[in-house]
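*Asks:* Please read through the structure below; I'll follow up with questions.
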Amino acid sequence: MAGTVFAPSLQGIKDVKSESGVILTKPFLEVCKHILPVLDKFGSAMSIVKNDIGGNITRLETKYSSDPSKYEQLHSMVQVEISSKTAKSSSSCTNGLLWLTRAMDFLVALFHNLVQHPDWQMSQVCSDAYSKTLKKWHGWLASSSFSVAIKLAPDRKKFMEIISGSGDINADIEKFCATFSPLLAENHRFLASVGMDDMKAS
């Protein structure tokens, strides 16, 4: 494999913003998709998160495909739903974007922990990232499922070897966290501006 598993995402992040600085739907979703193979390397420990991310990407992609020019900008889907008062529906694109962004927050925190805490076991890397991001939005059931899943996390050393490929994995993780985090923060600011950043899981 040329470079690390993060190489496609790092390449894709460069295209996420338009010349005028707006987040574009298709490139943003492509970057999220490129992260899914990293989750595969976790095995069953991340299957809940992977399914959740995959489902939300599909939901947003389906909406985008229905009218690519109308939904070229990522936040336009939300604005349309706010206008039609459908944003709070559990099957809305607003909900999809919110949970996709939160799941990506979790992964950024997890990857950050891998670099910052080389002495941590994988279960600690995951549970710390979870408590900093998704936990406060999850109900009891989701939290319990997550706690069980984390126990299935792979051996850290093996995992790092698998995702390193032929590149500098720590450098790529740091670059990914540094360049992707601001995009996620922008999504949160936008969702907060329309009163949609604090929805909890039922």
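*Asks:* Distance cut-off 28 Å, Cα to Cα: go down the list 50/158; 88/175; 41/88; 26/151 and report the pairs above it.
*Replies:* Working: 50/158 20 Å; 88/175 34 Å; 41/88 34 Å; 26/151 34 Å.
With Cα atoms farther than 28 Å apart: 88/175; 41/88; 26/151.
*Asks:* For the cross-link pairs 33/63; 63/136; 17/63; 17/132; 85/136; 33/157, which exceed 22 Å when the distance is taken from alpha carbon to alpha carbon?
*Replies:* 63/136; 17/132; 85/136; 33/157
*Asks:* Another one. Sort out for me the Cα centre separation of the range 89-154 from the range 8-60, rounded to whole Å.
*Replies:* 15 Å
*Asks:* Using a 10 Å cut-off on Cβ atoms, rank the peptides 120-130, 184-194 from the highest mean neighbour count down.
*Replies:* Peptide ranking by packing, descending: 120-130, 184-194.
*Asks:* Then there's this: Under a GNM of the chain (C-alpha, springs under 10 Å), which listed residue has the highest mean-square fluctuation: 150, 57, 162?
*Replies:* 162
*Asks:* Normalising by the residue count of the range 37-139, find the relative contact order in percent from Cα pairs under 8 Å and 6+ residues apart. Before the final figure, lay out each step's value.
*Replies:* Values: 69 pairs, mean separation 21.4, N = 103.
Relative contact order, the range 37-139: 21 percent.
*Asks:* Still on this structure: Rounded to the nearest 500, what is the 222 nm mean residue ellipticity of the chain from helices alone, with -39500 (n - 2.57) per DSSP H run of 4+ residues and division by all residues?
*Replies:* Per the formula, -21000 deg cm²/dmol.
*Asks:* List the GluC sites (Glu not before Pro) within the range 19-86 that fall in a DSSP loop (any state other than H, G, I, E or B) and whose Cβ has at most 11 other Cβ atoms within 10 Å.
*Replies:* Listed in order of number, the matching sites are 19.
No value in this document is a laboratory result; all are computed from the given coordinates. Since this is a predicted model, take the numbers as computed values, not measurements. Every residue, glycine among them, receives a Cβ derived from its backbone with ideal geometry; neighbour counts consider all protein chains shown.
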